[in-house]
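As structure tokens, the structure follows; a few thoughts come after it.
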Amino acid sequence: MVTRRRIFNKYLIAGVIAGAGVTFQTLTSNSFLSSTDSPFINGVVRSSRALFTITSTVIDYKFSLNGLNPHTDDYRLTLSELHLRSANRILTMCEANKGIYIKAGQFVAAIRQVPKEYSTTLSSLQDHAIPFQFEAIKQVLVSNLGFNCLSEFFFSFDEVPVASASIAQVHHAVLVKDRQEVAVKVQYPGLEYQMKFDLVTMSLLSKSVGWIFPGYRFQRLVTEFEKSIASELDFIAEAKNLERIRENFKDNSMVRVPNVFWDFTTKQVMTMEFCRGRKVDDLEFLKERGISEVKVAKTLAEVFAEMIFVHGFLHGDLHPGNILVSPEGKNGFSLVLLDFGICKQLNEDFRLKYCELWEALVVKDSAKIQEIGEYFGVGKYSRYFPVIFTGRTIDSKSTLGEGMSVEERNNLKQELKSLKMEDISSFMESLPTDFLTVLRTDGLLRSLTSKLGAPLRVRLLAYAEYALYGLSLKSDSKSDSAIGVVLFRFKIGLRYVQLRLLFGILGLVSWLESIKHTSTRRFKDLLASAGFVVRNLYRPLLTT
């Protein structure tokens, strides 16, 4: 009786919330509310829209899956349709609320642990940004830089932005002082107030969903998002992040990071060197310039790997809009990194353990993988690390980059059927925050390298190589003696040589496969051309 009463109360409260959401949603169509400049009223409107959307989604999940057996195909099909329907509902809400909600949608889209229906649908928000009118942007510039006229410091200032995102837009300008071309990033007005209002709403909604669905615990994701968005709204902190990454890559000719002009940088305005280039996934541009997509993917993977395994300081938002390909560079191109609002300092112990994990993944040391899993607090779930990162099971017989056999794939499907949402939530909550950060980054990299047409092996080899290099930077913690340090470095050096040999073999295999693929394609093109010539040659004879 008590259980039934609790269930009834949950649905009753959900119904009341839904009713309130519908009421507020109706109010949003009111011309007064939609046109008002009151931050509070606008906050209420955005919150009511979010409340209605999430409540509708919760009720949809609860009733659509009610009575279905989780181990049947009917359940899985219904769940997939439900994920897609809910993702589209949330996408509409984010587009309507704009601002922080666009950023939240982008954040969710980049998390590999959400269903693919969500990540695919919400990924469209990466390019969804409507710029502010220049008069509003000008007011932010004047109040932050302390001048009455833009011409005091800028020889020219383009009113039309060259880029716009969820929290700021970028304008091209030229300084009066030395005619230096600069990019001026200006934060949208009123965002700080909006952020406080919207984050309270998101936190309450996540707690409500967790209460109705005990297996779905999203509060940690909201906390992580709150930290990331707070840092993004401070452009001084972003400028410091930029300078740190610029210093880290100062000896890498393949990476370019713009210089900061501190005299024109505040918490809401950031002025940088203007760098030209095109988005890293602009395949037409790469083809026009004769730049190899696979080489770009390889460089990109090495940049990610160096940040994670060597520097321990990571750019956390490297989507295509923040990575440009410039046709300048000694190898025919270079990568330009932008937007450093989300950067993460990895714990040194985590960095080293993560290096060890990748070494174990490469050599298929299942005992070591499980040992590291215990260190990270995920216990039995560590057996899924190889699946998450390398696309093969912990007992797989395939080589690095080949993926799973049909038999292994079928066995994994059967194994995963026994996992519940509570198991996945428990796994995610057990992982250190640094692990979630690198998972998100790895998801972004995997998406980009795939779009560039690079084989899985490109990313895996870059990770493995830099992981071993990252381990070599550690001194022997068990011995402070010079001999102990030398022995440790000798062991690391030996392992490095062994893995370099493995990389060489795998690289040779990859090169031969590439040659085979290219030769086959050219042979087919040659046959097609020959067939065309023969048909044209005999066409007059056939027509007579």
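Derivation of every value follows stated rules applied to the coordinates shown; laboratory data play no part. Not measured: the values here are computed from a predicted model. So basically every Cβ, Gly included, is an ideal-geometry build from the backbone, and we count neighbours across all protein chains shown.
Tabulated results
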item	result
Cα-based reach from Lys451 at 20 Å (exclusive), listing aspartates and glutamates while leaving out same-chain residues under 8 positions away	Glu117, Asp127, Asp281, Asp282, Glu284, Glu288, Glu293, Glu302, Asp317, Glu402, Asp442, Glu513
Neighbourhood charge, 12 Å Cβ-Cβ cut-off, centred on Tyr61 and excluding it, Lys, Arg +1 and Asp, Glu -1	+1
Rounded Å value of the spacing that divides the Cα centres of region 97-162 and region 307-325	19 Å
Estimated D of region 326-420 in µm² per second, where Rh is the Kirkwood radius over Cα pairs and Stokes-Einstein applies at 10 °C, 1.306 mPa s	100 µm²/s
Anchor Lys267: aspartates and glutamates whose Cα lies under 12 Å away (excluding residues fewer than 8 positions away in-chain)	Glu192, Glu232, Asp234, Glu238
Cross-link partners of Lys368 among aspartates and glutamates (Cα-Cα below 17 Å; sequence separation of 8 or more within a chain)	Asp349, Glu356, Glu359, Asp395
Pairwise Cα inverse-distance average, inverted: Kirkwood Rh of region 279-378 (Å)	15.5 Å
Linear extension gain, Leu84 paired with Glu273, 0.36 nm per residue minus alpha-carbon span	63.9 nm
Simple spin-label estimate for Gln345 and Ala230 in nanometres, 7 Å along Cα-Cβ	1.5 nm
Additional length obtainable on full extension of the chain from Asp251 to Ser405, 0.36 nm per residue less Cα span	51.3 nm
In region 102-204, lysine pairs with alpha-carbon atoms under 26 angstrom apart (chain gap of 8 or more, or interchain)	9
Approximate spin-label separation Phe155-Thr120, in nm, with each point projected 7 Å along Cα-to-Cβ	5.0 nm
Zone of Lys474's modelled label, taken as backbone nitrogen in region 334-364 under 11 Å from a point 7 Å along Cα→Cβ	348-359
